[in-house]
Every structure is written in C-alpha cells, then in structure tokens.
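Okay, so here's the structure we're looking at.
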Amino acid sequence: MPPSLELRTKQSLALTPRLQQSVRLLQLSSLEFQQELRNALDTNPFLEYDESTTEDNALGNDNGSSMTDSTASSPAESPAEAPLAADSAQDSSDNGDSSSHEDSMGEFSSDPFGRSASRNGGDGEGSDPADWVRIEPSLHDTLHDTLRLYPLNDRDRAVAQLIIEALDDDGYLRQDLSELAALVDIHPTLLEDELNIALKLVQSLDKPGVGARNLSECLSLQLEAMPSTTPGRAVALEIVTHHLERLARREQAELQKKIGCSAEELRIACALVRKLDPKPGENYGQAEDNYVVPDVIVRQVKKSWVVTINPAVLPRARIHRMYAELFAQSAGASRSPLAQQLQEARWLIRNAQQRFTTIQRVAECIVSHQKAFFDYGEIALKPLVLRDVADELELHESTISRATGNKYMATPRGIFEFKHFFPRELSTESGGTCSAAAVRALLKEMIAKENSNDPLSDVSLAKMLADQGVIVARRTVAKYRHLMKVPPAELRRQQA
C-alpha cells in the first residue's frame with residue numbers, strides 16, 4: 001500500500017501540574033508532608049514561615065482547620081494578586097475546587113489536647129510533631145544513671161562504664177573481657193579480677209539477666225534473684241545450668257533421670273523456666289527513627305463524636321507579601337522565571353488546604369459509619385469498603401485510597417490507621433454480615449476466658465463462633481489467632 005496521511009481525533013485525560021501536586025500531597029503521610037513543606041520554605045523565596053496566628057484563629061474554627069484567608073481580611077486586593085487572578089480562576093475550574101483559596105495557613109498555639117501554649121513560653125514549640133513521642137530511657141542510659149548512685153573511684157567507675165557500653169541491645173555481653181581490657185588505655189593494666197568484679201556490679205544494677213554472657217547465665221541470674229522459697233527454683237537452676245539443650249528438645253524423661261527429681265517437680269521447674277525473659281535488654285526503650293503522628297483527633301462532645309485536624313500537623317506557611325508586591329511591580333514580571341515560583345507557592349498553599357479538607361471529610365465519614373466502634377469497642381466494628389465512602393462523599397475511590405493511606409486517627413481508644421476502619425465483611429448464619437475485626441475481638445474474649453489447663457483448639461473456637469452465628473473455617477481461626485500473636489493450644493497449655 002502506498003503511504004498516506006490520516007487525521008484522527010481522540011479524547012484523553014491529562015492532569016495539570018497543580019492537580020499532579022494535589023494528588024501527590026494527598027497520599028503523603030503527615031511527616032512526609034511536613035518535610036515537603038520545609039523543603040518548599042527553603043527553596044521558594046515567595047513562601048515564609050507564619051508565626052502570626054493567634055489562639056483565636058486556632059480555636060475559632062469549628063471544622064478543625066486553622067487555615068486563614070489573608071486576602072479576605074484586607075480591604076483591597078494587593079498588587080501582587082492582580083497578575084495571578086486569571087491563573088487562580090483557571091486553577092479552580094481545573095480541579096473543581098469550590099472552596100475558598102487561602103494564601104496563608106495559621107499556626108495553632110494550643111496543644112491538640114487542650115493544654116495551653118504558655119507552658120512552652122509561647123514560642124510554638126508545643127506543636128512540634130516530636131512532642132507526640134514518648135521517650136523512654138534506653139538500656140545503656142538506665143544503667144549509667146544507676147551507676148552514678150554508687151560511690152566508686154574513677155578507675156572502678158571507668159571499668160563499669162566500659163562494660164555497660166559493650167552490652168548489646170538485648171542486654172548480653174558478647175565480647176570477651178580480655179578484648180575489652182585491650183580497648184582502653186588505663187594504667188596500670190586492668191586485671192581479670194577487676195573486670196569480673198565490674199561485671200558483677202553491672203549485672204546487679206537493674207533487672208536480673210542484664211550483662212549475661214550467654215543464655216544459661218542470663219536465666220541463672222534471674223533464678224538466683226528469686227526468693228529461695230520459690231517452688232521449683234533449685235531444679236530450674238540445675239536445668240538452665242547444665243541441661244538447657246535437653247529442655248529445648250523436650251526430653252522430659254531424660255531430664256528427670258539426670259536431675260533425680262519427680263515428674264511434678266520437673267513440671268513446676270519447667271514452668272518456672274518458661275516464665276523467664278531470655279532477652280531482658282529488649283524491655284528498655286529503643287531508639288526509633290519512625291513514629292506515628294495522628295492526622296485527626298476524635299473527641300466526644302455532648303454524646304457526639306467530633307473530628308478535628310490535629311493542629312500539630314497543620315502547615316504554617318504563607319505568601320511573602322512584600323516579595324510578591326515587589327515582584328508584581330517589576331517590569332516584565334510575567335515573563336520572569338520567578339513567576340513560576342510564585343505560582344507554585346500559591347498552588348502549594350491551596351493544595352495543602354485541599355489535602356486537609358479531604359482528610360477531614362473522609363475521617364468524618366468513617367466516624368459516622370463506625371460510631372458503634374467508638375461507643376462499644378472493637379467488637380462493634382462494622383464492615384466498610386472504600387467505595388462506600390467514595391459514593392457518600394462523591395469522590396473517586398482512588399482519592400479515598402490516597403486519603404486513607406498512611407493516615408492515623410487519635411481516639412479515646414487509641415491511635416488507629418484509617419485502614420483499620422475498613423474491615424473485611426463476613427457472612428453470618430442468619431444471613432447478616434459482620435466484620436473480620438469483630439470476629440478477632442470475639443476470639444480474643446474466648447481465649448481470655450478459657451481454662452488454662454485445657455485451652456481451646458482452633459476447631460473448638462470455630463464451633464463456638466458457629467454457635468454465635470458466625471460461620472468461619474478452622475484455617476480462618478488459625479489465621480486470625482496468628483495475627484493476634486496468640487500461640488496454639490498446645491503451647492498455651494504448656495505456658496499455663
């Protein structure tokens with residue numbers, strides 16, 4: 001066939017740069033959004049940090065938003081707004097945003113739980129997301145603090161501090177004492193007796209078992225710290241000192257023969273050993289890089305559940321008025337590269353507002369559907385899917401997915417991810433439905449009330465659920481039990 005030219009028309013969807021930014025901001029977590037805003041403040045000359053918002057701005061907004069319209073408060077539009085008016089109108093028509101467009105976002109001066117900012121000197125530090133973190137002392141900090149209470153000379157204190165710093169996070173000392181002695185320059189040279197004495201001191205500073213060099217020593221230290229009248233203590237000491245491997249292989253007859261005790265004494269001793277902590281160092285605070293900052297806060301006000309945006313995560317940024325006015329008065333402003341930065345600053349402010357508006361609408365819809373959960377707990381959680389929320393809010397399902405991903409809700413019952421309120425639907429014998437979360441709550445109650453000497457098997461749990469009208473398979477019960485980190489019936493019987 002000879003070559004030919006053909007003209008075709010087709011329709012396709014294309015996201016404007018502003019809509020692309022809006023979608024990206026919506027799917028960010030609160031910490032990622034704060035980082036995005038800080039980067040914009042550092043790189044865009046038309047954005048500035050807003051510290052002028054008063055407590056009236058924070059508490060005068062019923063819907064939990066601290067965003068203020070700086071243009072509405074001025075008697076006339078500033079010169080900086082004129083060259084961008086047409087662009088702003090076009091932006092509004094592109095994404096269907098019918099809400100008012102703000103150029104500044106206020107800073108809450110009060111704590112999200114009602115504490116006054118005067119405790120922080122009024123400098124705004126109380127709204128730092130890091131204030132949500134509960135900092136617990138680490139293993140090494142705890143041991144160093146306890147060591148300060150002992151009247152030691154400089155040499156003995158230095159040796160004890162050296163051993164503390166050599167401990168792993170689980171509380172074990174895995175380095176040889178001779179290797180530790182070579183790491184420090186102390187004159188005269190450290191003797192083995194000095195190191196052993198310092199190790200004994202460290203092992204007695206806090207919880208028994210910390211500073212042990214192996215599992216056997218760790219368990220022995222915990223047993224030795226118990227009263228001598230503890231039932232099974234002597235047999236348990238013999239087991240952890242010489243027969244720990246046989247205990248792991250459950251060679252009960254061989255253990256009874258080697259130790260020379262009765263079957264009842266062996267059972268009591270084994271139960272005592274199983275109650276010991278093999279990693280005592282993990283009970284101390286660990287340094288974490290990631291932590292959860294709730295995006296919304298749910299409170300009960302006059303028998304109604306009210307959703308507000310967490311003021312700690314609200315952005316505090318606004319358009320730099322002086323820079324924007326000077327730029328608008330300059331010649332050729334519309335053709336300058338700075339015009340794009342000014343437009344991006346306005347987009348960021350408005351998209352951030354839209355982000356929090358969407359998150360709050362989704363949170364309010366979730367609370368409306370799951371009101372029984374807030375009133376009665378996990379067992380009252382209802383089945384819910386993203387499409388239900390999308391249909392009610394007249395938004396796309398993908399928007400709801402972005403608004404619920406990596407978002408958290410602070411409630412009187414704890415902090416939950418938005419996804420937690422979308423449990424899977426299960427059918428019941430009566431033809432109704434219940435949520436998978438409610439089934440897990442029922443299983444938790446059944447296991448908590450079981451006889452420790454005769455724990456319930458997965459089959460028994462499935463039959464008990466069937467008696468209550470919830471039909472689930474045994475493997476489903478096993479899966480939910482595994483998710484709740486509950487051991488099987490055999491292990492629960494041994495731990496009783």
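The values are calculated or read from the model by the stated rules, or taken from the named source; none is laboratory data. Because the structure is a prediction, the values reported are computed rather than measured. As a convention, Cβ positions derive from the backbone with ideal geometry for all residues, glycine included, and neighbour counts pool all protein chains shown.
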Check: Somewhere in segment 365-382, is a residue touching a Ser or Thr at 6+ places or on another chain (Cβ under 9 Å), among the acidic types (Asp, Glu) and surrounded by fewer than 18 Cβ atoms within 10 Å (Cβ to Cβ)?
Finding: no
Note to self: So, in segment 1-30, exactly how many residues are more than 21 Å from residue 400 (Cβ to Cβ) and surrounded by 10 or more Cβ atoms within 10 Å (Cβ to Cβ)?
What the structure shows: 2
Note to self: Return the residues of segment 445-467 that are touching an Asp or Glu at 6+ places or on another chain (Cβ under 9 Å) and modelled with pLDDT under 85; say none if nothing qualifies.
What the structure shows: 466
Notebook entry, point to check: Residues of segment 280-312 being modelled with pLDDT of 90 or more and either in contact with a strand residue (DSSP E or B) (Cβ under 7 Å, 6 or more places away or on another chain) or closer than 30 Å to residue 340 by Cβ (or both), which ones?
Noted result: 294, 295, 296, 297, 298, 299, 305, 306, 307, 308, 309, 310
Checklist line | Condition broken by residue 305, with the remaining ones in (1) touching a helix residue (DSSP H, G or I) at 6+ places or on another chain (Cβ under 6 Å); (2) buried (at least 21 other Cβ atoms within 10 Å of the Cβ) satisfied | finding: (2)
Item checked: residue 119 more than 25 Å from the chain's Cα centre (by Cα) and at pLDDT 80 or above -> no
Item checked: Total residues in segment 445-485, condition in a loop (DSSP other than H, G, I, E, B) and under 27 Å from the mean Cα position of the chain (by Cα) -> 2
Item checked: Failed item in (1) closer than 25 Å to residue 299 by Cα; (2) touching a residue at least 24 places away in the same chain (Cβ under 8 Å), with residue 375 passing the rest -> (2)
